[in-house]
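Colleague: Take this structure first; my questions come after.
The values are calculated or read from the model by the stated rules, or taken from the named source; none is laboratory data. Predicted, not measured: the structure shown is a model, and the values here were computed from it. Here the Cβ is made from the backbone with ideal geometry for all residues, glycine too, and neighbour counts use every protein chain on show. Surface areas here come from the heavy atoms of the whole protein model, side chains and all, with no ligands, DNA or RNA. Shrake-Rupley method; radii C 1.70, N 1.55, O 1.52, S 1.80 Å.
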Amino acid sequence: MLVWLFAFTAHAFPATVTKIADGDTFTVMEGMQKIRVRIFGIDAPEHDQPYGDNATAMLAQLILGQTVEIDPPHGGRSFPKSFDRIVGVVHRNGQDVGLVMIGSGNAWAYDRFRVPAVYDDAQGQAVIHGVGLWAGNPVPPWDWRRRHKHGGYR
């Protein structure tokens, strides 16, 4: 329980990425504590969804084994919680990882999080240029999850 208390009340912190769960979630070691992180402002395809493996591989290429800076969204002083994860803005070498995932066509700008306009702009450019998942006719992950939960297409 101490891990969660620390994680939710802390300010920005650096941590080493030890595991990639999917295209928007990963695990870090901060000191001796494991913390699961959901990247703020994005939603990546699910594993069983087209482009899901691509999104996971892209995130691994960007941050696996790297030290990242995790900041509370909107300049806040604590991290929101999503299931068993904290939600944070993630930077590696000053680069916004969520923005890179969106711009490379590996994730959607996720409006549920009140994303910055630059995320929407990056998605618009990825769509225009047919980058990544935008080369096809992608189904947003929130629709994919809902349809599969109710026995939709697979």
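Colleague: In the set G52, G41, which member is under 28 Å from G136 (Cα atoms) and modelled with pLDDT of 95 or more?
Modeller: G52
Colleague: Which of the residues spanning the range 13-54 are open to solvent by 60 Å² or more (accessible area, probe 1.4 Å) and assigned to a strand (DSSP E or B)?
Modeller: Within the range 13-54, P14, T18, K19, K34, R36 meet the criteria.
Colleague: Any residue at all in the range 119-129 that's touching a residue at least 24 places away in the same chain (Cβ under 8 Å) and among the β-branched types (V, I, T)?
Modeller: Within the range 119-129, not a single residue is touching a residue at least 24 places away in the same chain (Cβ under 8 Å) and among the β-branched types (V, I, T).
Colleague: Can you name every residue in the range 92-117 that is open to solvent by 70 Å² or more (accessible area, probe 1.4 Å) and in a helix (DSSP H, G or I)?
Modeller: Residues satisfying the conditions are D111, R112.
Colleague: Report whether or not A60 is part of a helix (DSSP H, G or I) and out of contact with any helix residue (DSSP H, G or I) (no Cβ under 8 Å at 6 or more places or on another chain).
Modeller: Criteria met by A60.
Colleague: Filtering the range 73-91 down to residues that are surrounded by 16 or more Cβ atoms within 10 Å (Cβ to Cβ) and hydrophobic (A, V, I, L, M, F, W, C), which residue is modelled with the highest pLDDT?
Modeller: Checked the range 73-91; the qualifying residue modelled with the highest pLDDT is V90.
Colleague: Right, here's the next one. Could you go through the range 67-77 and let me know if any residue there is part of a strand (DSSP E or B), more than 11 Å from the chain's Cα centre (by Cα), of a type in the set (S, T, Y) and over 23 Å from L133 (Cα atoms).
Modeller: yes
Colleague: Looking at the range 58-68, which of the residues that are open to solvent by 70 Å² or more (accessible area, probe 1.4 Å) and of a type outside the set (A, V, I, L, M, F, W, C) is farthest from V37 (Cα to Cα)?
Modeller: Q61
Colleague: Of the conditions (1) within 21 Å of I35 (Cβ to Cβ); (2) in contact with a Lys or Arg (Cβ under 9 Å, 6 or more places away or on another chain), A107 satisfies every one except a single condition; which number is it?
Modeller: If we test A107 against (1) within 21 Å of I35 (Cβ to Cβ); (2) in contact with a Lys or Arg (Cβ under 9 Å, 6 or more places away or on another chain), just (2) comes out false.
Colleague: From (1) part of a loop (DSSP other than H, G, I, E, B); (2) modelled with pLDDT of 95 or more, pick out the condition that doesn't hold for N137.
Modeller: (2)
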